[in-house]
Amino acid sequence: MQFDVLGAAGPKAYFEHQTRASISHAYLFTGNPGVGKKTFARRLAQSLLCEGNTTTVLGYDGTCSSCRLFAANAEVTRHPDFLEHVGVMKIGDSDSSMGFYEGEELTARDLVRQLSMQSYSGGLRVLMLGDIDFATHHAANALLKFFEEPPRGVVLLLTSSSPGRLLTTIRSRLIELRFPTLSHAQVEEILLMLGQDAERAELGASLGGGSVTRALAALGDDEESLRAKVAQWFFRVIDGATPEETWATRDTLEDGLEVLKTLVRDWTAISSVGGNAPLAAVDYASELRKLPTIASVDSLAMLAKIDDGQRLARTNVSPAMVSELVRMALTGRALTSV
C-alpha cells in the first residue's frame, strides 16, 4: 500500500493509529497555506475508498477501479462517493433535484441532499471541503446538523488556513489536526515533481518559507503576482507613500503578511550584519540593501504587529483594516528609526 504525501508527520501518525472502526466522522485540517492539507485529505479519501484496502485508514493500492478515479493528473476526481468543494460555500437552491451530484459547484443544500443518500458502491462516502469558508451564517447552519449527526458511513474532511473564521458550533464538532510547515527539502522535492528544474526548485524552496504555494508564487515572473504586489507596497510605504492595499483580500491576506515578515527579517539582518547578510528574499536583495538602517527595537515591534495581523487574518476582521494596521506600524518605524 502507498500514501504519497510528503510532510504531515503528526497527522500521519494519528491516522496510522486509527482503524476503520475507530475513525471519526469529521476532521478539520489546519495550518498555513501550501503545506499539503488538501493533498492529504484527497489521499485519505482515496485510502478510505480503495477497493484493495479494507483494513488500514491510510494506504491505497493505486490500481483498483476506485483509485483510478483519483488519478494524480486529474483536475477533478470523478468518484461517485467522493464529493469535493474548494473555497466559499453558498447556501444553494432549496428546489434542486435529487440524484448523485454531477454539477460544477456544490452548495450547502446540495451536500445536505447528497449526504442523505446511500453510497454508490455500498461502502463509505467522503466529503472534502477545502479552504472552507461560508458565504453566510445560513450556509454554515445548513450543514450544522450533518456535523452534529452525520449519516452512517459518511466521513467529512475540512481544511482551513483560517479556522478562526468558522462558527464555533461547527469547529467544536470536528477533530482538529494541525499541519506543520514543510521542510526546505520537502518543498524542493515537490517543486521537482511539479516540473521545476533543479535550480528553480532550490530557489523556490528558499523563498517559500515551508509552503509550496508561496514557493510557486515566488517563482512566478508575473509583475502582478501577490509577492510582487506586496513587495512593491512594502517599499513604497517605507519610502513614505500611502499606496492602495490591492494585495490585501480575504484569500491573499495571510500569504501577503508572510511575505512582509520575510522582508522585515531580511531588512533587520542587513541592518545588523551588513550587506553580506544571508537573505531569504534573495529576489529583492538589491532593494533591501538600499533601505535605511532599522533599529532592532523597531524591527521587533514590526514583526510583532505582523504576527498580530496574521492572527486577525484568521478571524472575520476586514483585510483592509489588518493591512492598514500593518502600514501604520511601518510608518511608525519610519518616524523612529530615520
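The values are calculated or read from the model by the stated rules, or taken from the named source; none is laboratory data. Keep in mind that what you see is a predicted model, and the values were worked out from it rather than measured. So basically every Cβ, Gly included, is an ideal-geometry build from the backbone, and we count neighbours across all protein chains shown. Quick note on the areas: whole protein, heavy atoms, side chains included, nothing else; ligands and nucleic acids left out. Shrake-Rupley method; radii C 1.70, N 1.55, O 1.52, S 1.80 Å.
Limited to region 144-175, what total is found for residues that are touching a residue at least 40 places away in the same chain (Cβ under 8 Å), open to solvent by less than 40 Å² (accessible area, probe 1.4 Å) and either assigned to a loop (DSSP other than H, G, I, E, B) or among the hydrophobic types (A, V, I, L, M, F, W, C) (or both)?
Counting residues in region 144-175 that are touching a residue at least 40 places away in the same chain (Cβ under 8 Å), open to solvent by less than 40 Å² (accessible area, probe 1.4 Å) and either assigned to a loop (DSSP other than H, G, I, E, B) or among the hydrophobic types (A, V, I, L, M, F, W, C) (or both) gives 11.
Any chance region 301-317 includes a residue that's more than 22 Å from Pro163 (Cβ to Cβ), polar (S, T, N, Q) and open to solvent by 40 Å² or more (accessible area, probe 1.4 Å)?
no
Is region 119-135 home to any residue that is among the charged types (D, E, K, R), touching a strand residue (DSSP E or B) at 6+ places or on another chain (Cβ under 6 Å) and surrounded by fewer than 16 Cβ atoms within 10 Å (Cβ to Cβ)?
There is no residue in region 119-135 that is among the charged types (D, E, K, R), touching a strand residue (DSSP E or B) at 6+ places or on another chain (Cβ under 6 Å) and surrounded by fewer than 16 Cβ atoms within 10 Å (Cβ to Cβ).
Inspect all residues belonging to region 196-210 and state whether any of them is under 18 Å from the mean Cα position of the chain (by Cα) and open to solvent by 20 Å² or more (accessible area, probe 1.4 Å).
Scanning region 196-210 turns up at least one residue that is under 18 Å from the mean Cα position of the chain (by Cα) and open to solvent by 20 Å² or more (accessible area, probe 1.4 Å).
Does Leu325 count as open to solvent by 10 Å² or more (accessible area, probe 1.4 Å) and touching a Leu at 6+ places or on another chain (Cβ under 9 Å)?
Considered against the rule, which asks whether it is open to solvent by 10 Å² or more (accessible area, probe 1.4 Å) and touching a Leu at 6+ places or on another chain (Cβ under 9 Å), Leu325 comes out as yes.
Within region 224-311, considering only helices (runs of 4 or more DSSP H) that don't extend past its boundaries, which have at least 1 residues that are within 14 Å of Arg214 (Cβ to Cβ) and at pLDDT 90 or above?
226-238, 253-273
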